[in-house]
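Report on one structure; see the data block that follows.
The values are calculated or read from the model by the stated rules, or taken from the named source; none is laboratory data. This structure is a prediction, so every number in the text was calculated from the model and none was measured. Reconstructed Cβ throughout: ideal geometry from the backbone, glycine too, with neighbour counts over all protein chains shown. Please note that ligands, DNA and RNA were not included when accessible areas were found on the heavy atoms of the full protein model with its side chains. Shrake-Rupley method; radii C 1.70, N 1.55, O 1.52, S 1.80 Å.
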Amino acid sequence: MPKKRYSAFALLREAARYHSGWARAWASPQPKPRYDVVIVGAGGHGLATAYYLGKNHGITNVAVIEKGWLGGGNTGRNTTIIRSNYLQDPSAAIYEKARALYETLSQELNMNVMFSPRGVIMLAQTEHELRGYRRTAHANALQGVSTEFIGPERVKELVPIISLDGPRYPVLGGLWQARGGTARHDAVAWGYARACSAMGMDIIQNCEVTGIRARGGQVAGVDTTRGAIDCGRLGLVVAGHSGVLAGMAGFRLPIESVALQALVSEPIKPCMDVVVMANTVHGYMSQSDKGEMVIGGGADGYNSYTQRGSFHHVEETVRALIETFPIISRLKMLRQWGGIVDMTGDRSPIISKTPLGGCFINCGWGTGGFKAIPGSGWAMAEMMAKGEPGPLAAAFGLERFREGRFIDESVAAGVAH
Amino acid sequence: MLLLTCPCCGAEADETELQPGGAAHLTRVGPGAPDEAFESYLFHRENPRGVHIERWRHAHGCGKWFHAARCTRTLEVFGTYPAQITAPPQPIRDAIAAKHPGWAWKEGK
């Protein structure tokens, strides 16, 4: 499907003719009987995988199939924070790759993803956290990720509405990543989808996978609610439902699915132009361009596929945030929602070959998938094109659980991404 | 809010009173077991979208561990039973089968 460029000129042209000339951003084709590559899951990660397969590796006979609508899972349910201040080298590498790709994503996709590198602060509110973030700042310096540890005065300068002397957890400092920020989550999925469609790939929505067919230990295709589709290689990029698809492919995953929730307030005037994460008290907050305070909360401790979380987590999160930001105490909350996050044993993602030949999996991003979308797609595409994981993906193989090579990101432990 | 009845003290407790303990009735392996067995015991989980048999502790009550059968899709609870029992008792299996006709208990996970 040929793509018309979005530009200021296009806006003017369409304004002059009552916006009658905008084309559909992506095609809605019928599935073909066979593709070289089928990717299950048209969220950010799946679409990014397809995009980089085409762009970096020249593979464009690709279908991305999605049981609901494009970007309707966790891509549309997160709090849009982008950062890469991780402690362990493999995590820092892939998240920093993603963050760097986000910087030019709007130009690359010709879709304004509204990447806003407004800066991210992770507050240190206990002695333990203070030492932890100092260590992370040193690790980041070695990894080439630009972060710095800042004192309470600088935190107050960056976030005037913060209360440094909270009743339970005073702010002792923070880990500041000036180049982190937020982006428009739907636009990321839409931009990748539009670019994939323009390369001739098929994005097939409302098409649920009901089975995975194998022949001689090699993947042969998938059965879907819209008929059977053969494929040479299969990528499973379905986040919370990874376990269900792995079951169809005949292997088990070190994953449990839990509900993580978020909420937004009524819109208010601009009061905070950075992202603040308070991990000790399980709350994080940023202000959207519409003025809503976007708040991330805790994950339930038990397995759940309900896409709604427990109420007491909202209470805990809001209680903690009011201590840190007294200004929000009378703010009304507009809506609340939950997403199903796939938590691995070490809270780090899986980008891996599987026991089934030709079948690859990308999952386990848990509470922090959005920020990784471009890097994750890049690494997954490289693995699917070459058949072996590249340098970005190598450490995230499934075998690490058997071999004990965990990527132990304490910062990813169930909250605050 | 999830409500579970503690089979030890009989109290109906909401989830803020309880501590979740993950999937129940795992086959524990000991020294000498191969790496695959340890991997399976430590990390691999059924993670079903449906009936889940799990462990809970009545942390802010009697403090005892117990088992619960619950649907992860609807949060419906089929019943709870003491921690000493090594497989779901028949009344609970019947309650699950009434709602999930295809469900069957698999031994030795």
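Given axes a ≥ b ≥ c from the Cα gyration tensor, I'd like to know whether the range A:25-184 is rounded (a/c under 1.5), prolate (a/b larger than b/c) or oblate.
Prolate.
Report the antiparallel proportion of the DSSP beta bridges in chain A as a percent, rounded to a multiple of 5.
70 percent
Report which residues of the range B:35-58 become buried by 10 Å² or more of accessible surface when going from the isolated chain to the complete set of protein chains (1.4 Å probe; DNA, RNA and ligands ignored).
Buried by the other chains: B:Asp35, B:Glu36, B:Glu39, B:Ser40, B:Phe43, B:His44, B:Arg45, B:Glu46, B:Asn47, B:Arg49, B:His52, B:Trp56.
Of the trypsin sites (Lys or Arg not before Pro) in the range A:296-375, which ones lie in a loop per DSSP and count no more than 15 other C-beta atoms within 10 Å?
Within the range A:296-375, the qualifying trypsin sites (Lys or Arg not before Pro) (loop, at most 15 other Cβ atoms within 10 Å) are A:Arg308, A:Lys332.
Keeping every protein chain present and rolling a 1.4 Å probe, give me the accessible area per residue for the range A:201-271 in Å².
Heavy-atom SASA per residue in the range A:201-271 reads 37 Å².
Which order do peptides A:225-235, A:385-395, A:173-183 fall in by mean Cβ count within 10 Å, highest first?
A:173-183, A:225-235, A:385-395
Measure nothing fancy, just the Cα-based angle from helix B:90-99's long axis to the longest principal axis of chain B, in degrees from 0 to 90, nearest 10.
Its long axis makes an angle of about 80 degrees.
Using the Karplus curve 6.51 cos²θ - 1.76 cosθ + 1.60 with θ = phi - 60°, what ³J(HN,Hα) values do you get for each residue of the range B:16-30, in whole Hz, with x for Gly and Pro?
Listing the rounded values in order: 6, 8, 10, 10, x, x, x, 4, 9, 6, 6, 7, 7, 10, x Hz.
Can you give me the relative contact order of the range B:3-99 as a percent, contacts being Cα pairs under 8 Å and 6 or more apart?
27 percent
What is the set of long-range amide H partners of A:Arg34 at a cut-off below 5 Å, with H atoms built 1.01 Å from backbone N?
Hits under the 5 Å cutoff: A:Asp230.
Between A:Ile94, A:Ile328, A:Ile295, where does the largest GNM mean-square fluctuation fall for chain A, given springs only between Cα atoms within less than 10 Å?
The residue with the greatest mean-square fluctuation here is A:Ile328.
To the nearest 100 Å², how much accessible surface do chains A and B cover up together, summed over both, with a 1.4 Å probe?
For chain A against chain B, roughly 2200 Å² becomes buried.
Can you give the calculated 222 nm mean residue ellipticity of chain B, where each DSSP H run of n ≥ 4 adds -39,500 (n - 2.57) and the sum is split over every residue, rounded to the nearest 500 deg cm²/dmol?
-4500 deg cm²/dmol
Among B:13-21, A:43-51, what's the highest-first ranking by average C-beta atoms within 10 angstrom per residue?
Peptide ranking by packing, descending: A:43-51, B:13-21.
Computed on alpha carbon atoms, what radius of gyration and Dmax characterise the range A:1-56, expressed in Å?
My reading of the Cα-based Rg and Dmax gives 15.6, 43 Å.
Counting only protein heavy atoms and using a 1.4 Å probe, what share of the accessible area of the range B:3-99 belongs to carbon plus sulfur, as a whole percent?
On the range B:3-99, the fraction of accessible area on carbon and sulfur atoms equals 50 percent.
At a threshold of 8 angstrom on Cα-Cα distance, excluding pairs fewer than six apart, so keeping six or more, what relative contact order does chain A reach in percent?
Worked out over chain A, it gives 22 percent.
Which entries of A:Lys332/B:Lys99; A:Lys55/A:Lys353; B:Lys64/B:Lys106 show an alpha-carbon separation above 28 angstrom in the structure shown?
A:Lys332/B:Lys99
So which helices of chain A fit the span-like rule, where a helix is a whole DSSP H run, its Cα atoms reach 15 Å or more along the axis, and its mean Kyte-Doolittle is at least -1.0?
Those that clear 15 Å and a mean of -1.0 are A:44-57, A:89-103, A:185-198, A:311-324, A:373-386.
Rounded to the nearest percent, how much of the accessible area of chain A (1.4 Å probe, protein heavy atoms only) is carbon and sulfur?
C and S fraction of accessible area: 53 percent.
Amide H to amide H, which residues 5 or more places from A:Ile204 or on other chains are under 5 Å from it, using H placed in the peptide plane?
Counting only residues 5 or more places away or on other chains, the set is A:Val64, A:Ile65, A:Glu66.
Given all pairs of different Cα atoms, what value in angstroms does the Kirkwood hydrodynamic radius of chain A take?
For chain A, inverting the mean 1/r across all distinct Cα pairs yields 21.9 Å.
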